[in-house]
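S.K.: Okay, here's the structure, questions in a sec.
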Amino acid sequence: MYEVIQVVHSYLAYIVLALLFFAVANAIMGLAGNKMFTMEKDFRLSLFTLILAHIQLLVGLILYFISPSGLQAIQALGMGGLNSASRLLAVEHPFINIIAIVLITVGWSRHKKFMEGNKKFKSIAIFYGLGLILILSRIPWSKWLG
Ligand code: HEM
(Lines give C-alpha, C1' and ligand atoms only; values in the text may rest on other atoms or scores of the structure.)
Protein backbone atom coordinates (compact mmCIF):
# COMPACT_ATOMS: atom_id res chain seq x y z
CA MET A 1 0.00 0.00 0.00
CA TYR A 2 2.74 2.47 1.04
CA GLU A 3 4.80 1.72 -2.10
CA VAL A 4 1.79 2.22 -4.38
CA ILE A 5 0.87 5.58 -2.82
CA GLN A 6 4.52 6.69 -2.89
CA VAL A 7 4.82 5.87 -6.62
CA VAL A 8 1.52 7.63 -7.39
CA HIS A 9 2.69 10.74 -5.48
CA SER A 10 6.03 10.63 -7.24
CA TYR A 11 4.57 10.40 -10.79
CA LEU A 12 1.70 12.79 -10.15
CA ALA A 13 4.35 15.35 -9.17
CA TYR A 14 5.54 15.54 -12.83
CA ILE A 15 2.00 16.16 -14.05
CA VAL A 16 1.18 18.76 -11.37
CA LEU A 17 4.44 20.67 -11.91
CA ALA A 18 4.03 20.64 -15.71
CA LEU A 19 0.41 21.81 -15.48
CA LEU A 20 1.29 24.56 -12.99
CA PHE A 21 4.07 25.72 -15.28
CA PHE A 22 1.72 25.84 -18.32
CA ALA A 23 -1.07 27.54 -16.36
CA VAL A 24 1.29 30.27 -15.10
CA ALA A 25 2.96 30.75 -18.51
CA ASN A 26 -0.47 30.88 -20.19
CA ALA A 27 -1.73 33.47 -17.67
CA ILE A 28 1.39 35.65 -18.10
CA MET A 29 1.01 35.51 -21.90
CA GLY A 30 -2.69 36.30 -21.64
CA LEU A 31 -1.95 39.27 -19.44
CA ALA A 32 0.94 40.55 -21.56
CA GLY A 33 -1.01 40.13 -24.81
CA ASN A 34 -4.22 41.63 -23.34
CA LYS A 35 -6.08 38.51 -24.50
CA MET A 36 -9.62 37.37 -23.78
CA PHE A 37 -9.98 34.75 -21.01
CA THR A 38 -11.59 31.83 -22.83
CA MET A 39 -13.64 28.97 -21.40
CA GLU A 40 -12.14 26.43 -23.82
CA LYS A 41 -8.51 27.03 -23.00
CA ASP A 42 -7.80 29.36 -20.06
CA PHE A 43 -10.63 28.26 -17.76
CA ARG A 44 -10.07 24.56 -18.45
CA LEU A 45 -6.29 24.71 -18.00
CA SER A 46 -6.62 26.58 -14.68
CA LEU A 47 -9.36 24.24 -13.42
CA PHE A 48 -7.55 21.06 -14.44
CA THR A 49 -4.40 22.32 -12.68
CA LEU A 50 -6.41 23.08 -9.52
CA ILE A 51 -8.03 19.62 -9.52
CA LEU A 52 -4.75 17.76 -9.97
CA ALA A 53 -3.07 19.89 -7.28
CA HIS A 54 -5.89 18.91 -4.91
CA ILE A 55 -5.56 15.22 -5.81
CA GLN A 56 -1.81 15.50 -5.10
CA LEU A 57 -2.63 17.15 -1.77
CA LEU A 58 -4.88 14.21 -0.82
CA VAL A 59 -2.31 11.62 -1.91
CA GLY A 60 0.37 13.57 0.01
CA LEU A 61 -1.78 13.63 3.15
CA ILE A 62 -2.32 9.86 2.99
CA LEU A 63 1.43 9.39 2.42
CA TYR A 64 2.20 11.58 5.41
CA PHE A 65 0.46 9.10 7.71
CA ILE A 66 1.80 5.86 6.20
CA SER A 67 5.33 6.76 5.06
CA PRO A 68 8.33 6.08 7.32
CA SER A 69 9.56 9.54 6.20
CA GLY A 70 6.37 11.32 7.35
CA LEU A 71 4.72 11.38 10.76
CA GLN A 72 6.48 8.16 11.79
CA ALA A 73 9.87 9.90 11.49
CA ILE A 74 8.71 12.63 13.90
CA GLN A 75 7.31 10.02 16.30
CA ALA A 76 10.54 8.02 16.20
CA LEU A 77 13.08 10.84 16.43
CA GLY A 78 11.16 13.81 17.85
CA MET A 79 11.20 17.21 16.12
CA GLY A 80 14.65 17.99 17.50
CA GLY A 81 16.08 14.66 16.35
CA LEU A 82 15.39 15.22 12.64
CA ASN A 83 18.35 16.06 10.41
CA SER A 84 17.86 18.48 7.50
CA ALA A 85 16.98 15.74 4.97
CA SER A 86 14.38 14.12 7.21
CA ARG A 87 13.01 17.52 8.30
CA LEU A 88 12.47 18.38 4.63
CA LEU A 89 10.31 15.27 4.11
CA ALA A 90 8.48 15.21 7.44
CA VAL A 91 7.92 18.93 8.06
CA GLU A 92 8.92 21.46 5.40
CA HIS A 93 7.65 19.69 2.27
CA PRO A 94 4.17 18.90 3.67
CA PHE A 95 3.72 22.26 5.43
CA ILE A 96 4.90 24.46 2.53
CA ASN A 97 2.96 22.43 -0.04
CA ILE A 98 -0.27 22.77 1.90
CA ILE A 99 0.27 26.56 1.91
CA ALA A 100 1.06 26.44 -1.84
CA ILE A 101 -2.18 24.61 -2.60
CA VAL A 102 -4.16 27.07 -0.43
CA LEU A 103 -2.65 29.91 -2.53
CA ILE A 104 -3.56 28.13 -5.78
CA THR A 105 -7.13 27.68 -4.49
CA VAL A 106 -7.31 31.39 -3.56
CA GLY A 107 -6.11 32.31 -7.07
CA TRP A 108 -8.81 30.13 -8.61
CA SER A 109 -11.59 31.59 -6.40
CA ARG A 110 -10.44 35.17 -6.99
CA HIS A 111 -10.32 34.79 -10.79
CA LYS A 112 -14.02 33.82 -10.80
CA LYS A 113 -15.01 37.10 -9.14
CA PHE A 114 -13.64 39.21 -12.00
CA MET A 115 -15.28 39.90 -15.34
CA GLU A 116 -12.23 41.38 -17.09
CA GLY A 117 -9.83 38.92 -18.73
CA ASN A 118 -6.70 40.73 -17.55
CA LYS A 119 -7.77 40.57 -13.89
CA LYS A 120 -8.52 36.86 -14.26
CA PHE A 121 -5.11 36.22 -15.83
CA LYS A 122 -3.43 38.33 -13.14
CA SER A 123 -5.04 36.35 -10.31
CA ILE A 124 -3.96 33.03 -11.86
CA ALA A 125 -0.46 34.31 -12.70
CA ILE A 126 0.23 35.65 -9.19
CA PHE A 127 -1.32 32.95 -6.99
CA TYR A 128 -0.51 29.89 -9.11
CA GLY A 129 2.95 31.40 -9.65
CA LEU A 130 3.56 31.81 -5.91
CA GLY A 131 2.27 28.27 -5.34
CA LEU A 132 4.65 26.91 -7.98
CA ILE A 133 7.64 28.75 -6.45
CA LEU A 134 6.80 27.41 -2.97
CA ILE A 135 6.40 23.84 -4.25
CA LEU A 136 9.70 24.01 -6.18
CA SER A 137 11.46 25.34 -3.07
CA ARG A 138 10.66 22.22 -1.04
CA ILE A 139 10.82 19.27 -3.48
CA PRO A 140 13.10 16.49 -2.18
CA TRP A 141 15.03 16.69 -5.50
CA SER A 142 17.79 14.15 -4.75
CA LYS A 143 15.31 11.56 -3.47
CA TRP A 144 12.94 12.13 -6.40
CA LEU A 145 15.34 12.29 -9.34
CA GLY A 146 18.45 10.81 -7.73
C1 HEM B 1 1.71 19.83 -5.32
C2 HEM B 1 2.13 19.38 -4.18
C3 HEM B 1 3.19 18.30 -4.02
C4 HEM B 1 4.17 17.87 -4.88
C5 HEM B 1 4.47 18.37 -6.28
C6 HEM B 1 4.88 16.82 -4.18
C7 HEM B 1 5.96 16.12 -4.70
C8 HEM B 1 6.68 15.16 -4.02
C9 HEM B 1 7.84 14.47 -4.53
C10 HEM B 1 8.42 14.68 -5.94
C11 HEM B 1 8.27 13.60 -3.58
C12 HEM B 1 9.46 12.63 -3.69
C13 HEM B 1 8.91 11.33 -4.19
C14 HEM B 1 9.98 10.29 -4.39
O15 HEM B 1 10.90 10.19 -3.58
O16 HEM B 1 9.89 9.55 -5.38
C17 HEM B 1 7.39 13.75 -2.43
C18 HEM B 1 7.50 13.02 -1.26
C19 HEM B 1 6.67 13.16 -0.17
N20 HEM B 1 5.57 13.99 -0.10
FE21 HEM B 1 4.95 15.29 -1.49
N22 HEM B 1 4.32 16.63 -2.93
C23 HEM B 1 3.28 17.52 -2.80
C24 HEM B 1 2.48 17.68 -1.69
C25 HEM B 1 2.57 16.96 -0.51
C26 HEM B 1 1.74 17.15 0.65
C27 HEM B 1 0.64 18.20 0.75
C28 HEM B 1 2.14 16.24 1.59
C29 HEM B 1 1.62 15.96 2.97
C30 HEM B 1 0.71 16.63 3.59
C31 HEM B 1 3.23 15.48 1.01
C32 HEM B 1 3.89 14.47 1.64
C33 HEM B 1 5.01 13.81 1.17
C34 HEM B 1 5.76 12.81 1.91
C35 HEM B 1 5.47 12.33 3.35
C36 HEM B 1 6.80 12.39 1.08
C37 HEM B 1 7.88 11.34 1.41
C38 HEM B 1 7.37 10.02 0.90
C39 HEM B 1 8.36 8.90 1.07
O40 HEM B 1 9.44 8.94 0.47
O41 HEM B 1 8.04 7.97 1.83
N42 HEM B 1 3.46 15.94 -0.27
N43 HEM B 1 6.43 14.69 -2.73
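S.K.: Give me the accessible area per residue for segment 2-145, probe 1.4 Å, as a whole number in Å².
M.R.: Working: 8190 Å² over 144 residues.
Value returned for segment 2-145: 57 Å² of accessible area per residue.
S.K.: How big is segment 79-146 on each of its three principal axes, counting only the C-alpha atoms and giving the largest first in Å?
M.R.: 51, 25, 11
S.K.: Dividing the alpha-carbon Rg of segment 2-145 by 2.2 N^0.38 Å yields what?
M.R.: Details: Rg = 16.8 Å, N = 144, 2.2 N^0.38 = 14.5 Å.
Relative to the 2.2 N^0.38 Å estimate, segment 2-145 comes out at 1.16.
S.K.: Return one number: the angle in degrees, 0 to 90 and rounded to the nearest 10, between the long axis of the Cα atoms of helix 44-66 and the longest principal axis of the Cα atoms of the chain.
M.R.: 10 degrees
S.K.: Now, a different point. What net charge is computed for the residues neighbouring residue 31, neighbours being all others with C-beta under 10 Å from the C-beta of residue 31, Lys and Arg scored +1, Asp and Glu -1? If you can, show how the numbers build up before the last one.
M.R.: Numbers: positive: 35, 119, 120, 122; negative: none.
Around residue 31, the surrounding residues sum to +4.
S.K.: Here is a further query. Can you pull the percent of the chain's accessible area that's carbon plus sulfur, 1.4 Å probe, other chains left in place? Walk me through the numbers on the way to the answer.
M.R.: Numbers: 6060 of 8430 Å².
Summing carbon and sulfur atoms, their accessible area is 72 percent of the total for the chain.
S.K.: Could you count how many Lys pairs in the chain have their Cα atoms under 26 Å apart, skipping same-chain pairs fewer than 8 positions apart?
M.R.: Within the chain, the lysine pair count is 13.
S.K.: Tell me, what is the 1.4 Å probe accessible area of residue 40, in Å² to the nearest 10?
M.R.: Near enough 130 Å² of accessible area.
S.K.: Work from the charge dipole of the chain (Cβ charges, +1 for Lys and Arg, -1 for Asp and Glu, about the Cα centre) and give the residue of 7, 96, 80 farthest towards its positive end.
M.R.: Working it through, the farthest residue towards the positive pole turns out to be 96.
S.K.: What accessible area, in Å² to the nearest ten, does a 1.4 Å probe give for residue 1?
M.R.: Result for residue 1: roughly 150 Å² accessible.
S.K.: What net charge do the residues around residue 104 carry, taking every other residue with its C-beta under 14 Å from that of residue 104, with Lys and Arg at +1 and Asp and Glu at -1? Walk me through the intermediate numbers first.
M.R.: Numbers: positive: 110, 112; negative: none.
Local charge sum for residue 104: +2.
S.K.: If you don't mind, another one. Taking the Cβ of residue 139 as the center, what net charge do the other residues with Cβ under 15 Å away carry, scoring Lys and Arg +1 and Asp and Glu -1? Don't skip to the end; give the middle numbers.
M.R.: Details: positive: 87, 138, 143; negative: 92.
Summing Lys and Arg as +1 and Asp and Glu as -1 gives +2.
The values are calculated or read from the model by the stated rules, or taken from the named source; none is laboratory data. Keep in mind the model is a prediction, meaning the values are calculated, not measured. A quick note on method: Cβ atoms are made from the backbone with ideal geometry, for glycine too, and the neighbour counts reach across all protein chains shown. These accessible areas exclude ligands, DNA and RNA; they are computed on the full protein's heavy atoms, side chains included. Shrake-Rupley method; radii C 1.70, N 1.55, O 1.52, S 1.80 Å.
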